[in-house]
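Here is the structure we will look at.
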Amino acid sequence: MIWQLDLILCIFIVICAVAAITIKDLLAAVIILGAYSFFMCILYTGMGAVDVAFTEASVSAGVGTVLFVAAVSKTKRRSKD
Amino acid sequence: MKVIAIAIILLTGGLLIYGVEDMPGWGDPDSPASSHVSPKYIKEALGKTATPNMVTAVLGDYRGYDTMGETAVIFTAGIGCILMLRKKRKGEGD
Amino acid sequence: MLEYIISKYNFWVYVILLLIGLYAMVGKKNLVKKLIGMNIFQSAVILFYVSIGVKKGGATVPIFLGNAHAAHGHGHAIIDVASYINPLPHVLMLTAIVVSIATTGVALAVLILIFRRYKTLELDEIMKIRKETGV
């Protein structure tokens with residue numbers, strides 16, 4: 001993989017991770033976590049791990065986000081920190 | 001709380017960055033992980049399992065029991081979620 | 001110097017991701033934030049393991065090219081090891097991803113139970129209620 005593209009993807013991933021743990025709105029944090037998983041999926045494809053990439057896209061970004069959104073809708077949406 | 005957390009992550013981060021120095025370079029073809037066991041799998045997977053995809057050959061044929069145990073893990077997690085979140089009947093405590 | 005940075009910066013990014021997850025697990029007080037931190041931690045470890053199997057210099061995805069059936073028929077095919085990526089970390093991390101989503105599901109179920117009993121998700125408020133009522 002071209003290392004400049006790889007570096008840009010890594011920076012996006014770190015920005016998504018920092019945003020997901022600092023935002024006070026929990027629904028927004030969960031959606032950003034889904035975006036983080038999709039960026040991770042692009043990174044796996046660049047490394048050549050196609051099986052891991054589509055498992056990550058379907059299981060972690062799809063089912064995981066659905067589970068988190070369901071849990072947030074059953075509880076509170078606001079967070080204090 | 002915050003001070004303790006920052007101290008913990010600084011300690012862990014220092015140890016991990018120190019450990020990165022001894023790792024082989026990223027994508028090195030002669031790294032120990034790529035030179036001991038995996039050449040055997042890459043050479044023999046097609047002849048022994050007749051599957052062109054090496055990952056599914058190892059997942060389904062070489063490590064079939066591992067995948068079956070993983071299914072048991074998913075089943076247990078699903079049963080646990082159902083038992084925790086169901087509506088309680090009358091007269092059933094807490 | 002640039003060579004050294006190019007060969008190591010991926011590992012530094014993985015360390016940074018792991019530290020972000022660890023900080024969210026230890027320092028944040030909201031329980032959903034702790035779970036998000038746990039997810040980030042797990043995916044950092046998975047990313048590190050997948051990156052172990054990468055081979056630079058012409059290696060492709062671990063799927064056999066060309067006449068796979070003909071090679072199987074004749075028994076001994078000449079397979080160049082250097083042209084395929086190491087498949088073993090991918091297999092182990094497939095299992096790890098599915099198990100991580102199972103643990104996340106059980107953790108979210110426990111979190112809903114905690115919210116039903118205490119009506120809050122902040123850890124300090126939960127500990128205060130527990131101290132006052134003794135439950």
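The values are calculated or read from the model by the stated rules, or taken from the named source; none is laboratory data. Since we're looking at a predicted model, the values are computed, not measured. Neighbour counts are summed over all protein chains in view; Cβ atoms, including those assigned to glycine, are modelled from backbone coordinates with ideal geometry. For accessibility, only protein heavy atoms count, side chains too; no ligands or nucleic acids. Shrake-Rupley method; radii C 1.70, N 1.55, O 1.52, S 1.80 Å.
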Residue tally, condition more than 7 Å from chain C (Cβ to nearest Cβ), over 16 Å from C:ILE46 (Cβ atoms) and either open to solvent by less than 80 Å² (accessible area, probe 1.4 Å) or free of Cβ contacts under 8 Å to residues at least 40 places away in the same chain (or both), over the stretch A:8-28: 10
Hits in the stretch C:1-21 (condition: out of contact with any Gly (no Cβ under 7 Å at 6 or more places or on another chain) and under 30 Å from C:ILE126 (Cβ atoms)): C:LEU17, C:LEU18, C:ILE20
Residue that is least open to solvent (accessible area, probe 1.4 Å), among those in the stretch A:56-72 that are within 18 Å of C:ALA96 (Cα to Cα) and more than 7 Å from chain C (Cβ to nearest Cβ): A:ALA61
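Considering only the stretch B:31-91, give the helices (runs of 4 or more DSSP H) lying wholly within it that have at least 1 residues that are more than 9 Å from every other protein chain (Cβ to nearest Cβ).
B:32-35, B:38-49, B:64-85
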Elements of type helices (runs of 4 or more DSSP H) contained in the stretch A:18-81, each with 2 or more residues being of a type in the set (A, V, I, L, M, F, W, C) and under 30 Å from B:LYS2 (Cβ atoms): A:26-47, A:64-74
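Rundown of residues vs (1) more than 7 Å from every other protein chain (Cβ to nearest Cβ); (2) modelled with pLDDT under 90, yes/no style:
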{"residue": "C:LEU35", "(1), (2)": "yes, no"}
{"residue": "C:SER43", "(1), (2)": "no, no"}
{"residue": "C:GLY58", "(1), (2)": "yes, yes"}
{"residue": "C:ALA82", "(1), (2)": "no, yes"}
Selection from the stretch C:41-58 of residues that are hydroxyl-bearing (Ser, Thr, Tyr) and over 9 Å from the mean Cα position of the chain (by Cα): C:SER51
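Every residue, every condition in (1) touching a strand residue (DSSP E or B) at 6+ places or on another chain (Cβ under 6 Å); (2) buried (at least 20 other Cβ atoms within 10 Å of the Cβ); (3) at the interface with chain C (Cβ under 7 Å from one of its Cβ atoms), yes or no:
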| site | (1), (2), (3) |
| --- | --- |
| A:VAL30 | no, yes, no |
| A:TYR36 | no, yes, no |
| A:MET40 | no, yes, yes |
| A:TYR44 | no, yes, yes |
| A:VAL50 | no, no, yes |
| A:PHE54 | no, no, no |
| A:LYS74 | no, no, yes |
Long-range neighbours under 9 Å by Cβ, at least six apart or interchain, first residue within 20 Å of C:LEU31 (Cα to Cα) within the stretch A:54-78, second of a type in the set (A, V, I, L, M) and outside any helix (DSSP H, G or I): A:THR75/C:LEU121; A:LYS76/C:LEU121
Subset of the stretch C:29-63 [open to solvent by 20 Å² or more (accessible area, probe 1.4 Å) and part of a loop (DSSP other than H, G, I, E, B)]: C:LYS29, C:LYS56, C:GLY57, C:GLY58, C:ALA59, C:VAL61
Tally of residues being on the phi > 0 side of the Ramachandran plot and in contact (Cβ under 8 Å) with a residue 40 or more places away in the chain across the stretch C:39-68: 0
